[in-house]
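The values are calculated or read from the model by the stated rules, or taken from the named source; none is laboratory data. Small disclaimer: the values here were computed from a predicted structure and weren't measured. In this analysis, Cβ positions are derived from the backbone assuming ideal geometry, glycine residues included, and neighbour counts consider all displayed protein chains. The accessibility values were calculated without ligands, DNA or RNA, using every heavy atom of the protein model including side chains. Shrake-Rupley method; radii C 1.70, N 1.55, O 1.52, S 1.80 Å.
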Amino acid sequence: MAGLELFQRMSVEQVAKGLELHPFEIIRILVADGSLSSDLRLDASSVERVRVAGGLETWWASNPSAAPGHDVTLALLRELLQKVLARGYVEPRGVRADNLFRGLDTEYQRGLRRAVNALIRGGVFMSSMSATGLTLSVAPAREADLRLFVVEGRGPVSHLWDQD
Amino acid sequence: MSELANRPAVIAVLEEIAQWKSRADAEFNGSMADVQREEGALRRSIEEAQRQLVALAARRSELRDKQEMVALGAETRERAALRQGLADDRGIVEGRAALLEAALGAQERALRNMLRDPEVAGAVEEYEKFVEVEASLAVLPSGYRRAILDHHDKVRRRLEPVIAASNAGPPNLGLANVGVGVLFAVDPAEGVPEALVAVLPVPFAVCRDWAERREDLSSRFAYRVVAAISRLLTAVGAGEAPIQYTDVAGCLAVQVWLGDCDLQGDINERALEEIEALREEAAELSAAGIELYGLWVRAAMLADEEE
């Protein structure tokens, strides 16, 4: 039998889980967009507005076939960095940090997050806090290093990753 | 010396001068004695006054120490009272959250019973089928499409009470209203604020463990205040200010860095207005008999007490 869900608009929590975004972020985006309903319920169009207004992107359609581990994380990292460069997120263009991981299961995200943190500490990524949370962009001076790592898997960036 | 029959005039003058000097000397000696007496008295007064000044300085120091202790005591008591108030308010919100969840559960069970009615269940099934094929309607011939849409309209009208009940507001718990506070502070307290903090009487878990815990009244309380703070920031020209969520005495605290913003308007007044507006807007808080208020305190009162 069909449930009540057929008729009910979604709760903030449901939308947050669907979008892999903290509920408070959803609230901030809806307030900025002027579309927060007084009953805190969202219909499909509101969810889409959150996605667009918040600049949410899902970069991973599925998890890798191999189990999480160092090699898988390394492969994921190169693929991620290739996506970053292909989308042109070099300073001053920035991307929401959570976009980098959306679509991956937590276990894969964990390794990738550690690697991205190492790149932030190593000055490859520049980070800044804004209303939409942490934003990342590639430091222009490190773009060539990053390309070398993405294409050939070597260079200074590979050392940063090794050290973490 | 023999007496002169006629004393020279000069001698009389000299004698007169000697008498005059003698009188002046006597007068001088008398006056000097007065001066010395007065001087002595004054010196004694000064010494007494100095003793009194020393005593007063000691008394002043004692009073200041005492006052400092009073200030420290007041600060400790104020901090403890605010912490206790937060804990009490949090207890109220959590207690009423449990009651509201129970009432919502009963509301949902009643709705599910409605769905068990064969006539309603049939209509729901038709409605569901329509939702499944809705996206592909465009490719159907217009006459056929029109017929399906007309039929769906009828089904929808039959289900209107169910749809309305499914999206009805929370049931009123019928409890006495109780005031629950959100604490606000800015730092520094004087001049242009660089940071804003709001502490909510809800567990920090609504933020940290949101994915594991069920959304409840505490969560929605937090959503409301986060929304109010977002509106407040936009209103004072700080819409882009970064926000962090932290744990203050087990409660959720919203911290905003304002140091990079050019603030316009009175943040204090505006914050209270936004909280007041929530009283009208937040149906779930009204249903649970919770009356929200905002209270400005000194930032130091929200920090942990220094050892």
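Within region B:186-211, the residues that satisfy the criterion of being buried (at least 18 other Cβ atoms within 10 Å of the Cβ) and facing another protein chain (nearest Cβ under 9 Å) are B:206, B:207, B:210.
Residues checked against (1) part of a helix (DSSP H, G or I); (2) in contact with a helix residue (DSSP H, G or I) (Cβ under 7 Å, 6 or more places away or on another chain); (3) within 12 Å of chain B (Cβ to nearest Cβ):
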residue	(1), (2), (3)
A:5	yes, no, yes
A:16	yes, yes, yes
A:47	yes, yes, no
A:50	yes, yes, no
A:58	no, no, no
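Determine, yes or no, whether residue B:257 is touching a Leu at 6+ places or on another chain (Cβ under 8 Å) and open to solvent by 10 Å² or more (accessible area, probe 1.4 Å). Don't jump to the end; show me each part of the working.
On the way: touching a Leu at 6+ places or on another chain (Cβ under 8 Å): no; open to solvent by 10 Å² or more (accessible area, probe 1.4 Å): yes.
It is false that residue B:257 is touching a Leu at 6+ places or on another chain (Cβ under 8 Å) and open to solvent by 10 Å² or more (accessible area, probe 1.4 Å).
One line per residue, one yes/no per condition, for (1) open to solvent by less than 50 Å² (accessible area, probe 1.4 Å); (2) under 22 Å from residue B:231 (Cβ atoms); (3) at pLDDT 90 or above; (4) of a type in the set (D, E, K, R):
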residue	(1), (2), (3), (4)
A:12	yes, yes, yes, no
A:16	yes, yes, yes, no
A:21	yes, yes, yes, no
A:24	yes, yes, yes, no
A:36	yes, yes, yes, no
A:40	yes, yes, yes, no
A:69	yes, no, no, no
A:85	yes, no, yes, no
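Of the helices (runs of 4 or more DSSP H) lying entirely inside region B:198-302, those containing at least 1 residues that are in contact with a Gly (Cβ under 8 Å, 6 or more places away or on another chain) and closer than 19 Å to residue A:30 by Cβ are B:217-235, B:267-281, B:283-287.
Against the conditions (1) more than 14 Å from chain B (Cβ to nearest Cβ); (2) open to solvent by 30 Å² or more (accessible area, probe 1.4 Å); (3) more than 24 Å from residue B:221 (Cα to Cα), residue A:77 satisfies every one except (2).
Of all the numbered requirements in (1) within 14 Å of another protein chain (Cβ to nearest Cβ); (2) open to solvent by 20 Å² or more (accessible area, probe 1.4 Å); (3) farther than 23 Å from residue B:124 by Cα; (4) without any contact (Cβ under 8 Å) to a residue 12 or more places away in the chain, residue B:237 misses one, and that requirement is (4).
Please work out if residue B:175 is open to solvent by 40 Å² or more (accessible area, probe 1.4 Å), outside any helix (DSSP H, G or I), more than 14 Å from chain A (Cβ to nearest Cβ) and not acidic (Asp, Glu).
Values: open to solvent by 40 Å² or more (accessible area, probe 1.4 Å): yes; outside any helix (DSSP H, G or I): yes; more than 14 Å from chain A (Cβ to nearest Cβ): yes; not acidic (Asp, Glu): yes.
Against the criterion (open to solvent by 40 Å² or more (accessible area, probe 1.4 Å), outside any helix (DSSP H, G or I), more than 14 Å from chain A (Cβ to nearest Cβ) and not acidic (Asp, Glu)), residue B:175 qualifies.
For residue B:214, the stated conditions hold: it is closer than 30 Å to residue B:132 by Cα, within 14 Å of chain A (Cβ to nearest Cβ) and loosely packed, with under 14 Cβ neighbours inside 10 Å.
In region A:87-109, the residues that are among the hydroxyl-bearing types (Ser, Thr, Tyr) form Cβ pairs under 6 Å with partners that are surrounded by 17 or more Cβ atoms within 10 Å (Cβ to Cβ) and assigned to a loop (DSSP other than H, G, I, E, B), at six or more places apart or across chains, as follows: A:108/A:68. Checking region B:64-86 against the condition returns a match, with at least one residue being without any contact (Cβ under 8 Å) to a residue 12 or more places away in the chain and either under 30 Å from residue B:172 (Cβ atoms) or exposed (fewer than 10 other Cβ atoms within 10 Å of the Cβ) (or both). When residue A:103 is tested against (1) over 22 Å from residue A:70 (Cα atoms); (2) in a loop (DSSP other than H, G, I, E, B); (3) not basic (Lys, Arg), exactly one condition is not met: (1). In the condition set (1) closer than 24 Å to residue B:209 by Cα; (2) more than 11 Å from chain B (Cβ to nearest Cβ), residue A:71 is compliant with all but (1).
When region B:135-190 is examined, which residues are found to be small (Gly, Ala, Ser) and within 30 Å of residue B:87 (Cα to Cα)? If the condition is that a residue be small (Gly, Ala, Ser) and within 30 Å of residue B:87 (Cα to Cα), then B:169, B:174, B:176, B:179, B:181, B:185, B:189 are the ones that fit.
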